[in-house]
Amino acid sequence: MAEQKKVRFIIERQDGPDTAPYTQEFDVDYRPGLNVVAALMEIQKNPVTVDGKKVAPVVWECNCLEKVCGACMMVINGKARQACCSLIDNLEQPIRLQPARTFPVIRDLLIDRSVMFESLKRIQGWVEVDGSWEVKDAPIQNPYTAQTAYEISHCMTCGCCMEACPNVGPQSDFIGPSPTVQAYLFNLHPLGKFDAPKRLNALMEKGGITSCGNSQNCVQACPKNIKLTTYLAQLNRDVNKQALKNIFNH
Amino acid sequence: MANKPEKKIIVVGGGLSGLMATLKICEDGGKVDLFSYCPVKRSHSLCAQGGMNACMDTKGEHDSIYEHFDDTVYGGDFLADQLAVKGMVEAAPKLVHMFDRMGVPFTRTPEGVLDLRNFGGQKNKRTVFAGSTTGQQLLYALDEQVRRWEVKGGVKKYEFWEFIKIIKNKDGVCRGIVAQNMNSNEIQAFPADVVILATGGPGQVYGRCTASTICNGSAVSAVYQQGAEIGNPEFLQIHPTAIPGSDKNRLMSEACRGEGGRVWVYRKNPQTGEKERWYFLEDMYPAYGNLVPRDVASRAIYKVVVHMGLGMTNPNRVYLDLSHIPADYLERKLGGILEMYDDFVGQDPRKVPMEIFPSIHYSMGGIWVDREHHTNIPGLMASGECDYQYHGANRLGANSLLSATYSGTISGPEALRLARSGKLGDALTNEELEAARKECVEEFDKIRNMNGAENAHQMHHELGDIMYKYVSIERDNNGLKQCMKELHALLKRWDNIGVTDHGNWANQEAMFVRQLRNMIIYAMAITKSALQRDESRGAHAKIVLKSDYDSWDAAKKKAFDEKNGKYHFDAETGRAMTDDGNDDLLFFGRDDEKFMRTTVVSFDAANSEPEVSYREFEHSLIKPRLRNYAVAKKE
């Protein structure tokens with residue numbers, strides 16, 4: 001029998017938020033269709049490094065494994081992406097896994113992305129409905145606008161764009177492409193647009209859209225192919241218009 | 001609501017049902033502590049693809065709510081409480097309008113109204129959808145609304161917290177929970193007026209399935225071990241079309257077939273002997289064709305692959321074909337999932353047929369609840385996939401988003417009503433809270449220091465293999481008995497687990513060991529209920545064995561003989577098979593007289609054994625009739 005093909009992983013580990021990172025290497029049996037999450041699951045079943053040392057299993061976050069929930073984002077061979085849909089066949093080996101250090105590391109590949117959810121509060125990322133009770137039929141919508149909304153609604157808060165953006169991090173206060181573009185989404189909705197000025201004003205503040213350096217990295221990193229830079233540009237215009245309105249209406 | 005005293009409800013689980021309940025409670029002036037394994041925006045509800053059923057009747061088909069009601073009851077093989085289902089289908093159009101107002105980007109017709117598509121087991125276009133990521137869009141809408149309430153101070157979220165167990169006061173009323181922070185591993189006790197579990201299905205009991213890794217049924221099993229009854233756990237839906245994978249089976253939505261996808265295999269034409277594509281669902285079930293319900297489609301695929309040997313050999317799969325449909329149409333209606341096939345298999349389903357096989361998907365069973373979603377433990381409620389209500393023996397596609405949301409609209413307000421009723425006895429004392437916390441800390445410390453030879457993840461893999469082998473599409477009593485034995489052995493081996501991570505920071509391994517024990521115990525409830533239910537109904541199809549036959553009285557034997565013509569018992573397996581050369585297996589019939597009852601399982605702590613009994617339910621509105629998808633309902 002031919003020898004079982006192995007896949008080598010070099011994994012950057014860290015025992016806690018304040019401890020120093022170190023690397024460990026693992027071999028996993030190759031099989032067709034193998035992806036990074038499946039390989040990490042194999043390591044869980046037998047957490048032994050290539051040097052034969054039994055270690056604690058690697059810690060990471062995953063839920064749906066279908067590229068919808070956004071949980072398993074990590075840096076794979078230098079690029080932020082979802083581990084579940086990263087097929088081994090498409091990756092150069094050895095495969096290097098690192099946590100997305102734009103966010104605080106909790107342990108190993110597990111990171112704390114709560115800042116993204118907090119930013120959604122700041123841009124008021126919701127439609128201000130009276131309540132979940134029955135009011136009347138919802139307004140009819142332009143199918144083309146709805147299609148744009150559908151595209152942006154795919155954002156799974158994974159943080160790939162945040163990791164790729166040079167303006168997100170300790171050196172800047174930019175809230176990042178993902179939460180910013182959500183403001184555009186809610187401004188599109190027939191009821192959501194009532195609160196558009198509030199969202200635009202929020203984006204005028206510190207860390208808002210003026211902190212975007214237009215590096216175009218986000219749109220390349222987005223696993224959902226959301227045209228982030230297009231909507232950021234549109235938002236920028238909307239914010240400027242709102243700024244003028246603010247001056248003349250005061 | 002200044003005149004009402006403030007009440008606190010704990011909601012465990014932040015999927016559609018948990019979020020809906022939370023929203024309703026906040027709107028009525030209650031406060032919610034919301035616990036979840038993950039940021040609620042990443043809950044499993046977002047995996048639902050195809051859509052949500054509601055009779056909108058905008059396609060000129062004269063669809064009616066009654067028709068939706070009847071399809072659901074008929075599709076569920078008459079095991080669902082009909083009053084509960086009636087409430088759900090009546091609420092459906094209102095819920096769709098609510099989601100629309102909240103900004104769900106539903107797919108629209110050129111006129112701008114909600115588009116509808118076909119789904120299995122229903123003849124009318126009744127499914128509203130947002131491309132092929134409907135669950136994601138609905139979940140996000142509720143996530144946004146709950147965030148709004150978080151800002152207003154109605155909700156406190158505990159994300160990355162694992163539910164461990166409930167705490168009862170001295171009267172046996174559930175008045176709090178113990179939970180653990182998954183990062184700091186700190187264990188705390190939380191008091192509440194009422195607790196709602198909305199923790200989803202137990203898919204991970206089967207290992208590879210279409211569910212998220214967080215859907216392990218651990219919370220349900222925990223309260224089952226604390227006295228909550230389980231309803232109908234033997235009814236597990238096998239979705240006919242999934243992409244088998246080693247980490248998970250990924251769902252290919254039923255919407256594929258709703259939009260015209262066809263299932264086929266190659267065969268030799270019985271007349272001409274030439275190789276041809278055999279569209280077997282269309283052949284076997286002319287009226288519904290590819291849109292037969294999931295249990296029917298799964299069994300047909302299983303038969304064609306396993307019994308007739310017509311699947312693509314190694315691996316055993318059949319084709320699901322969309323390649324005849326124009327690419328731009330596919331993009332608009334199914335873009336999300338087609339991309340998924342490309343991502344995970346590396347082939348483009350717009351050009352080549354997809355290779356699929358059935359997979360464990362959804363649990364019709366769950367915690368037993370009454371129509372107001374109370375469990376048998378006062379103060380504990382359950383809603384969403386973790387309860388057993390609404391689907392009976394089989395769930396129609398696109399009814400899950402509906403039942404998840406609807407059950408939240410019932411459990412939420414009812415929890416608050418109960419909290420305000422003053423019938424809950426005393427709140428937990430500090431001593432009671434501390435005692436419960438301490439017990440869980442000790443248990444966790446014990447697990448952290450386990451030093452045996454077994455690996456928990458390896459054992460989980462074995463658990464999945466056992467369950468797929470004995471309790472999946474086809475079951476027989478020998479297999480189910482064997483399964484109980486193997487599960488007991490597995491539970492014993494659990495004591496011999498060794499963990500490599502003995503630390504107390506983000507120790508996922510120790511938490512998994514605790515979940516695994518709960519999963520094994522839930523697996524026993526599934527298996528024992530399947531063993532006791534000597535009939536075939538919906539997702540539960542039981543093969544007749546010689547030993548079964550021998551135990552019957554003369555009248556029952558006679559009826560079976562008359563129904564099945566010439567048959568024999570296989571010498572090796574004892575399974576009844578037809579003599580006609582096809583060797584078709586023979587199944588128990590549906591037995592309304594004996595089994596038109598809800599299975600109720602309670603836990604016998606002394607032996608870790610499930611105890612199965614049956615309970616009457618409301619089925620007076622629609623008279624039971626035999627299901628037959630070869631003809632349309634009215635033919």
Discussion item. Can you name every one of the helices (runs of 4 or more DSSP H) wholly within region B:464-577 that holds 3 or more residues which are surrounded by 23 or more Cβ atoms within 10 Å (Cβ to Cβ) and aliphatic (A, V, I, L, M)?
Written reply: B:508-532
Discussion item. Go through region A:82-107 and report how many residues are in a strand (DSSP E or B), closer than 23 Å to A:D29 by Cα and within 11 Å of chain B (Cβ to nearest Cβ).
Written reply: 2
Discussion item. Which of the numbered conditions does B:K623 fail, given that it passes all the others? Conditions: (1) touching a residue at least 40 places away in the same chain (Cβ under 8 Å); (2) part of a loop (DSSP other than H, G, I, E, B).
Written reply: (1)
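For region A:108-120, how many residues are in a loop (DSSP other than H, G, I, E, B) and either at the interface with another protein chain (Cβ under 7 Å from one of its Cβ atoms) or of a type in the set (D, E) (or both)? Before you say what the answer is, go through the steps one by one.
First, pick out the residues of region A:108-120 that are in a loop (DSSP other than H, G, I, E, B): A:108-109, A:112-113.
With either at the interface with another protein chain (Cβ under 7 Å from one of its Cβ atoms) or of a type in the set (D, E) (or both) added as a condition, the list becomes A:108, A:112.
Residues flagged as in a loop (DSSP other than H, G, I, E, B) and either at the interface with another protein chain (Cβ under 7 Å from one of its Cβ atoms) or of a type in the set (D, E) (or both) within region A:108-120 amount to 2.
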Worksheet item: Is it the case that A:I10 is surrounded by fewer than 21 Cβ atoms within 10 Å (Cβ to Cβ), among the β-branched types (V, I, T), more than 8 Å from chain B (Cβ to nearest Cβ) and under 24 Å from the mean Cα position of the chain (by Cα)?
Response: yes
Practice prompt. Tell me which of these B:N232 doesn't satisfy, since it passes every other one: (1) within 14 Å of chain A (Cβ to nearest Cβ); (2) in contact with a Leu (Cβ under 8 Å, 6 or more places away or on another chain).
Written response: (1)
Worksheet, complete the sentence: Over region B:150-172, the set of residues within 14 Å of another protein chain (Cβ to nearest Cβ) and among the aliphatic types (A, V, I, L, M) is B:V151, B:V155
Item to complete: Tell me, yes or no, whether region B:339-349 has at least one residue that is touching a helix residue (DSSP H, G or I) at 6+ places or on another chain (Cβ under 9 Å), buried (at least 19 other Cβ atoms within 10 Å of the Cβ) and either within 14 Å of another protein chain (Cβ to nearest Cβ) or closer than 20 Å to B:A297 by Cα (or both).
Response: no
Worksheet item: Only one of A:P47, A:P17, A:P57 is in contact (Cβ under 8 Å) with a residue 40 or more places away in the chain, assigned by the TED database to the domain that holds A:Q82 and on the phi < 0 side of the Ramachandran plot; which?
Response: A:P17
Fill in: So A:V68, is it touching a residue at least 24 places away in the same chain (Cβ under 8 Å) and more than 20 Å from B:N249 (Cα to Cα)
no
Worksheet item: Is it the case that A:A20 is touching a Gly at 6+ places or on another chain (Cβ under 9 Å) and away from every other protein chain (no Cβ under 14 Å)?
Response: no
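Please determine whether any residue of region B:351-370 is surrounded by fewer than 18 Cβ atoms within 10 Å (Cβ to Cβ), assigned by the TED database to the domain that holds B:R294 and without any contact (Cβ under 8 Å) to a residue 60 or more places away in the chain. Spell out how you get there, then give the answer.
Restricting attention to region B:351-370, the residues satisfying the condition of being surrounded by fewer than 18 Cβ atoms within 10 Å (Cβ to Cβ) are B:351-352, B:370.
If we keep only those that are assigned by the TED database to the domain that holds B:R294 as well, we get B:351-352.
Within this subset, residues satisfying the condition of being without any contact (Cβ under 8 Å) to a residue 60 or more places away in the chain are B:351-352.
Checked region B:351-370: at least one residue is surrounded by fewer than 18 Cβ atoms within 10 Å (Cβ to Cβ), assigned by the TED database to the domain that holds B:R294 and without any contact (Cβ under 8 Å) to a residue 60 or more places away in the chain.
I'd like the full set of residues that are in a loop (DSSP other than H, G, I, E, B) and either among the charged types (D, E, K, R) or at the interface with chain B (Cβ under 7 Å from one of its Cβ atoms) (or both), limited to region A:121-134. Talk me through it step by step, then tell me what you get.
Initially, region A:121-134 is screened for residues in a loop (DSSP other than H, G, I, E, B), giving A:123-134.
Hits for region A:121-134 are A:G125, A:W126, A:V127, A:E128, A:V129, A:D130, A:G131, A:S132, A:E134.
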Worksheet item: For residues in region A:54-72 being within 11 Å of B:R42 (Cβ to Cβ) and within 14 Å of the chain's Cα centre (by Cα), which is farthest from the other protein chains (Cβ to nearest Cβ)?
Response: A:C72
Worksheet item: If a residue has to be on the phi > 0 side of the Ramachandran plot and in a helix (DSSP H, G or I) to count, how many in region B:382-428 make the cut?
Response: 1
Worksheet item: Would you call B:A21 over 29 Å from B:K248 (Cα atoms) and not charged (D, E, K, R)?
Response: yes
Worksheet item: Is it true that some residue in region B:82-91 is within 11 Å of chain A (Cβ to nearest Cβ) and under 16 Å from B:T134 (Cα atoms)?
Response: no
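Do you know which residues across region A:220-240 are surrounded by 12 or more Cβ atoms within 10 Å (Cβ to Cβ) and out of contact with any Cys (no Cβ under 8 Å at 6 or more places or on another chain)?
Matches in region A:220-240: A:Q220, A:K227, A:T230, A:Y231, A:A233, A:Q234, A:L235, A:D238, A:V239, A:N240.
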Discussion item. Please go through region B:63-97 and give me each residue that is surrounded by fewer than 19 Cβ atoms within 10 Å (Cβ to Cβ) and either at pLDDT below 95 or among the β-branched types (V, I, T) (or both), ordered by number.
Written reply: B:I65
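So which residues in region B:201-212 are surrounded by 24 or more Cβ atoms within 10 Å (Cβ to Cβ) and within 11 Å of chain A (Cβ to nearest Cβ), if there are any at all? Lay out the reasoning, then the answer.
Residues of region B:201-212 surrounded by 24 or more Cβ atoms within 10 Å (Cβ to Cβ): B:201-206, B:209-212.
B:C209, B:T210, B:A211, B:S212 - these are the residues of region B:201-212 that are surrounded by 24 or more Cβ atoms within 10 Å (Cβ to Cβ) and within 11 Å of chain A (Cβ to nearest Cβ).
If you scan region A:188-218, which residues turn out to be under 19 Å from the mean Cα position of the chain (by Cα) and in contact (Cβ under 8 Å) with a residue 40 or more places away in the chain? Spell out how you get there, then give the answer.
The initial filter retains those residues of region A:188-218 that are under 19 Å from the mean Cα position of the chain (by Cα), namely A:207-209, A:211-218.
Across region A:188-218, the qualifying residues are A:S211, A:C212, A:G213, A:S215, A:N217, A:C218.
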Worksheet item: Mind checking which residues of region B:429-460 are over 30 Å from B:K7 (Cβ atoms) and assigned to a loop (DSSP other than H, G, I, E, B)?
Response: B:N449, B:M450, B:G452, B:A453, B:N455
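Which residues, counting only those in region B:1-58, are touching a Pro at 6+ places or on another chain (Cβ under 7 Å) and not in a loop (DSSP other than H, G, I, E, B)? Spell out the reasoning first.
If we filter region B:1-58 for residues that are touching a Pro at 6+ places or on another chain (Cβ under 7 Å), which is where we start, we get B:24, B:28, B:54-56.
Once the filter is applied, which keeps residues that are touching a Pro at 6+ places or on another chain (Cβ under 7 Å) and not in a loop (DSSP other than H, G, I, E, B), region B:1-58 yields only B:K24.
Which of the residues spanning region B:133-149 are more than 7 Å from chain A (Cβ to nearest Cβ) and either surrounded by fewer than 24 Cβ atoms within 10 Å (Cβ to Cβ) or under 21 Å from the mean Cα position of the chain (by Cα) (or both)?
Looking only at region B:133-149, we keep the residues that are more than 7 Å from chain A (Cβ to nearest Cβ), and these are B:134-135, B:138-139, B:141-143, B:146, B:149.
Listed by number, the residues that qualify are B:T134, B:G135, B:L138, B:L139, B:L142, B:W149.
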Discussion item. Filter region B:115-132 down to the residues that are surrounded by fewer than 24 Cβ atoms within 10 Å (Cβ to Cβ) and part of a strand (DSSP E or B) and list them by number.
Written reply: B:R117
Worksheet entry | Test: residue in region B:36-44 that is in contact with a Ser or Thr (Cβ under 8 Å, 6 or more places away or on another chain) and more than 14 Å from chain A (Cβ to nearest Cβ) | no
Worksheet item: If we only count helices (runs of 4 or more DSSP H) wholly inside region A:138-214, which ones have 2 or more residues that are surrounded by fewer than 24 Cβ atoms within 10 Å (Cβ to Cβ)?
Response: A:143-152, A:177-188, A:196-204
Worksheet item: Which one of B:P286, B:P244, B:P270 is surrounded by fewer than 19 Cβ atoms within 10 Å (Cβ to Cβ) and within 14 Å of another protein chain (Cβ to nearest Cβ)?
Response: B:P244
Item to complete: Take B:I377 and decide whether it is over 23 Å from B:R208 (Cβ atoms) and surrounded by fewer than 24 Cβ atoms within 10 Å (Cβ to Cβ).
Response: yes
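The values are calculated or read from the model by the stated rules, or taken from the named source; none is laboratory data. Bear in mind that the values here come from a model prediction, so they are computed numbers and not experimental data. FYI the Cβ positions are ideal-geometry reconstructions off the backbone, even for glycines, and counts take in every protein chain you see.
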